[in-house]
Structures are given as structure tokens and as C-alpha cells.
1. Look at residue 5 and say whether it is surrounded by fewer than 10 Cβ atoms within 10 Å (Cβ to Cβ), part of a helix (DSSP H, G or I), at pLDDT 70 or above and not assigned by TED's automatic domain parsing to the domain that holds residue 99.
2. Just to be sure, is residue 117 under 24 Å from residue 38 (Cβ atoms), in a helix (DSSP H, G or I) and free of Cβ contacts under 8 Å to residues at least 60 places away in the same chain?
3. Would you confirm, using the coordinates I've provided, whether residue 74 is free of Cβ contacts under 8 Å to residues at least 40 places away in the same chain, surrounded by 12 or more Cβ atoms within 10 Å (Cβ to Cβ) and within 16 Å of residue 110 (Cα to Cα)?
4. For segment 42-63, what are the residues that are in contact with a helix residue (DSSP H, G or I) (Cβ under 7 Å, 6 or more places away or on another chain) and either within 17 Å of residue 117 (Cα to Cα) or assigned to a helix (DSSP H, G or I) (or both)?
């Protein structure tokens, strides 16, 4: 019997805590700036298009992040290949081929990002 009363008291205290935090959050949120609309535009009152615009902006940022990781990966392999060529484990022509292929991959990645941005926008 005591455990049920204890559980009931804890449940009521938890609900009171959640209600108090919600009330305090609404008081503190009065000074916050308004959120920025997505680049695709947000018609007044249409929440689905607003969410769709934010998802499109997020997809573009995700693509840019993947491109940045690709750039870092190509730079890392270029430095590693340079080190191998310097120590004699690889030919200098391999470094040149890596530079040309890496530049081509980066150009192709930028082209794909541009195409994706025009599709999402």
C-alpha cells in the first residue's frame, strides 16, 4: 500500500515539475528572435511547405558537408601519396595522376551539388 502511495506522489510531483517547466519556458521564450524562413519561401499558415523548405535547406547543407569530407579525403590521400613518393615507395607520376583524378572528382562533385541545389530550390 505504501509503494502505491509513493508512486502516486512521485507521479504527481513529476507532472507538477513538467507543468512548471512548460510555464517557465513560455516566459523565457518571449525574448527570442523569430526563426529564419527557408530559402524556398514559406507561405503564411502552410506548415507542410514550411517543413518542406527546411528539409530542402537541410539536404543542401548535408550535401555540402559530404563534399567537404570528400575534399578532406582527397587532400589526405594526396599528402599520403606525396609522402610515399618522397620516400621512394611510389612514383612521382602517381602523385600527378592522383592530383588530376582528385581535381576531376571534386569538379564532378561540385557539378552534382549545383544540380541538387537547383532541384531542391
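1. On the way: surrounded by fewer than 10 Cβ atoms within 10 Å (Cβ to Cβ): yes; part of a helix (DSSP H, G or I): yes; at pLDDT 70 or above: yes; not assigned by TED's automatic domain parsing to the domain that holds residue 99: yes.
When the stated conditions are applied, residue 5 passes them.
2. Numbers: under 24 Å from residue 38 (Cβ atoms): yes; in a helix (DSSP H, G or I): yes; free of Cβ contacts under 8 Å to residues at least 60 places away in the same chain: yes.
The answer is yes for residue 117.
3. Numbers: free of Cβ contacts under 8 Å to residues at least 40 places away in the same chain: yes; surrounded by 12 or more Cβ atoms within 10 Å (Cβ to Cβ): yes; within 16 Å of residue 110 (Cα to Cα): yes.
Against the criterion (free of Cβ contacts under 8 Å to residues at least 40 places away in the same chain, surrounded by 12 or more Cβ atoms within 10 Å (Cβ to Cβ) and within 16 Å of residue 110 (Cα to Cα)), residue 74 qualifies.
4. Once the filter is applied, which keeps residues that are in contact with a helix residue (DSSP H, G or I) (Cβ under 7 Å, 6 or more places away or on another chain) and either within 17 Å of residue 117 (Cα to Cα) or assigned to a helix (DSSP H, G or I) (or both), segment 42-63 yields 56, 59, 60, 63.
The values are calculated or read from the model by the stated rules, or taken from the named source; none is laboratory data. Worth saying up front: this structure is predicted, and the values here are computed from it rather than measured. Positions of Cβ are generated from backbone atoms using ideal geometry, with glycine treated the same way; all protein chains shown enter the neighbour counts.
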